[in-house]
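Chemist: Structure in C-alpha cells, see below.
The values are calculated or read from the model by the stated rules, or taken from the named source; none is laboratory data. Fair warning: this is a prediction, and the values are worked out from it, not measured in the lab. Quick reminder, even Gly has a Cβ in these numbers, built from the backbone with ideal geometry, and neighbours come from all protein chains shown. Note: accessible area is taken over every heavy atom of the protein model, side chains too, but ligands, DNA and RNA are not part of it. Shrake-Rupley method; radii C 1.70, N 1.55, O 1.52, S 1.80 Å.
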Amino acid sequence: MAASTLTEVARLAGVSPATASRVLNGSARKPGKDIAERVRQAADSLGYIPNAQAQGLAKSSSGLIGLIVHDIADPYFAAIARGVQEAAREQRKMVLLATTGGGPAEEKEAVAAFAARRADSIVIAGSRSCRSEDQDGNAELAAELDRYCRNGGQVAVVGHPVVGATVQEGYHVVRVPNQELAGQLATELAAGWDGGFVIVAGPEGLLTSDDRVRGFQEGLERAGRGQAEVIRTAFNRSGGYEAGLQLAERIKAAQSSATAGGKLCIFAVNDVMAIGAAAALRAEGLRIPRDAAIAGFDDIETLRDFRPALSTVRLPLEDIGRFATRATGPQPNGEDTDHVHPGDVTGEVTLRRSTEVAA
C-alpha cells in the first residue's frame, strides 16, 4: 500500500499543505492548538510518516550524527562508538555509522554521504596517515571536511587532525596522549625487566602507531636502556600474529643457544596486535611470561577474558567517544561546546601477569 502524503493529511484536516508541514515537521512557526491537533489526528488516521529530511529543513537540524570508524568489529572502535551513542542520546540525536577500513579516500566518501543527508555533526575515529600512498586521499578528505564545516557542519576527530584540513570554525580535535603514555609504559617495564625489548608496530607513517613507538623509545632512553628493535606490520591482529611468528623463531633459537641473553619483552602498539602476537607464540609452544613478556596499548574490553592478563595502557575509550560528540553539539546543561582540550583525555599504565618476571 502506498504511503500517505502530506497533501492527503492537509486535505483531511482542512488546512493547507504548508500548515500541515509546520505542524508535523517541527517548524518554529506553529498554528493554533486546535488546528495542530486536527492535523495530528489526520496524520494518525492515515498512518502518515513524517519525512526526516523535511523535518531537518524545518528545524535547521537533521538530528543525525555521522560516525566514521576503521572497523566496528575492533573492540577499540566499538568502545568509542558506545560513547558516541550515549552522548547522542543526551542530545536526542541518532547515529549513522560508516566503516572505512582506514583509508582516507573511503573516509571522504563517508563524509560526503553524511553531508548529503544533512548530518548535524561528524565524528571521525582512527589513526591518521602521512604515508605517500594516502596523500591524494588526505587532500580529498580535507577538502570535503572544509566544505562541510563552511556550510555549518561540526566535526570532531579523535587523535590527530586530518592531514591538510585548514578550517577552524566547527572543527574539533580530541587529542590522546599516546606518546607520553607509551613512554610511561616503557619506563615502568624497564624498571623490572633485564632482557631486551622489541616493538611490534603498524606501518611507518601511521601517526598513532608512530607516536607510541616514539614514546616507548623515549621511555627506554630515560630508563638508561638501549633502543628497541621495531618490527613493522599491519595495524591489526593479523599483523600482530605475523610478527609473533617471527619472534617465536628468534626466541626458540635463543633458548637453544648457550650464549643466549635475557628474555624478550614485546610491546605491541595496540591490544589486538598484542593478542595476535601472543596467539602466535602459543601456537609455537611458547608461554607468556615464562618464555617472553608482552604488553599492549588501549585496554580494550576483550582483555577481560585474555590469559595471562595483558599489561597495557588503559584509555577511557567510551569517554573519548563522549568527548568527541559533545564537542560538536549543545550540552544538556547549556555549557559551551568548545570545551575539549588535550588534557581531557588521560590514561593509565596497567601492569599485569603478562609482563611479570617469571621465577
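Chemist: Taking the alpha carbon gyration tensor of segment 107-254, what are the square roots of 5 times its eigenvalues, largest first, to the nearest whole Å?
Modeler: For segment 107-254, the ellipsoid semi-axes come out as 37, 17, 11 Å.
Chemist: How long is the gain from Arg282 to Ala143 if the chain were fully straight, where each residue apart is worth 0.36 nm and the alpha carbon distance is subtracted?
Modeler: 45.4 nm
Chemist: Compare Thr99, Thr187, Thr19 in a GNM of the chain, Cα atoms joined below 10 Å, and give the one with the largest fluctuation.
Modeler: Checking each option, the largest mean-square fluctuation is seen for Thr19.
Chemist: Select from Gln255, Ile72, Thr312 the residue farthest towards the positive end of the dipole of the chain; place +1 on Cβ of Lys and Arg, -1 on Cβ of Asp and Glu, and compute about the Cα centre.
Modeler: Ile72
Chemist: May I pose another question? What share of the DSSP beta bridges in the chain is antiparallel, in percent to the nearest 5?
Modeler: About 10 percent, rounded to the nearest 5.
Chemist: Taking H placed 1.01 Å from N in the peptide plane, check which residues at least 5 places from Thr233 or on another chain put their amide H under 5 Å from its amide H.
Modeler: For Thr233, whose amide H was placed from the backbone, the distant partners under 5 Å are Ala201, Gly202.
Chemist: Shifting gears a bit: Just grab the label-to-label distance for Met94 and Ser45, each label 7 Å out from Cα along the Cβ direction, in nm (one decimal).
Modeler: In this crude label model, Met94 to Ser45 measures out at 2.8 nm.
Chemist: Another one. Once amide H atoms are built 1.01 Å from N in the peptide plane, which residues 5 or more positions from Ala309, or in another chain, come under 5 Å H to H?
Modeler: The answer is Arg353, Ser354.
Chemist: I would also like to ask the following. Give me the 1.4 Å probe accessible area per residue for the chain, excluding ligands and nucleic acids, in Å².
Modeler: Ligands and nucleic acids excluded, the result is 47 Å² per residue.
Chemist: Let's see if you can work this out: charge +1 on each Lys and Arg Cβ, -1 on each Asp and Glu Cβ, no other charges. What is the dipole magnitude of segment 70-177 about its Cα centre, in debye to the nearest 20?
Modeler: Magnitude of the dipole: close to 460 debye.
Chemist: Mind checking Rg over Rh on segment 65-132, alpha carbons, Kirkwood formula for Rh?
Modeler: Reported Rg/Rh, Kirkwood definition of Rh: 0.97.
Chemist: Going toward the positive end of the dipole of the chain, with +1 on Lys and Arg Cβ and -1 on Asp and Glu Cβ, which of Pro177, Ser121, Leu207 do you reach last?
Modeler: Sorting the options by dipole projection puts first Ser121.
Chemist: For segment 211-317, what does the equivalent ellipsoid look like in terms of its semi-axes, each the square root of 5 times an eigenvalue of the Cα gyration tensor, given largest first in whole Å?
Modeler: 21, 18, 12
Chemist: Quick one: putting +1 on the C-beta of Lys and Arg, -1 on the C-beta of Asp and Glu, what dipole do you get for the chain around its Cα centre, in Debye to the nearest 20?
Modeler: Dipole magnitude for the chain comes out near 1000 debye.
Chemist: While we're on this one: Kindly state, to the nearest 0.05, the FRET efficiency for Ser4 paired with Ala113, given R0 = 30 Å and r defined as their beta-carbon distance.
Modeler: 0.60
Chemist: Continuing with the same structure: Could you calculate the contour length gain from Arg352 to Leu245, that is, 0.36 nm times the residue separation minus the distance between their Cα atoms, to one decimal place in nm?
Modeler: Length gained between Arg352 and Leu245: 36.2 nm.
Chemist: Given H placed on each backbone N at 1.01 Å, which residues far from Ile122 in sequence or on other chains put an amide H within less than 5 Å of it?
Modeler: Sorted by chain and number, the residues that satisfy this are Gly66, Gln154, Val155, Ala156.
Chemist: Contour minus end-to-end for Lys252 and Arg222, with contour as 0.36 nm per residue of separation and end-to-end as the Cα-Cα distance?
Modeler: Numbers: separation 30, 0.36 × 30 = 10.80 nm, distance 3.00 nm.
Result for the pair: 7.8 nm of gain on full extension.
Chemist: Suppose every Lys and Arg Cβ carries +1 and every Asp and Glu Cβ carries -1, with no other charges. What dipole size does segment 185-261 come out with about its Cα centre, to the nearest 20 debye? Write out the running numbers ahead of the final one.
Modeler: On the way: 8 positive and 10 negative charges, 30 e Å.
Value, rounded to 20: 140 debye.
Chemist: Can you tell which of Arg304, Arg118, Arg314 shows the greatest fluctuation in a Gaussian network model of the chain with Cα springs below 10 Å?
Modeler: With Cα springs under 10 Å in the chain, the top fluctuation among Arg304, Arg118, Arg314 is at Arg304.
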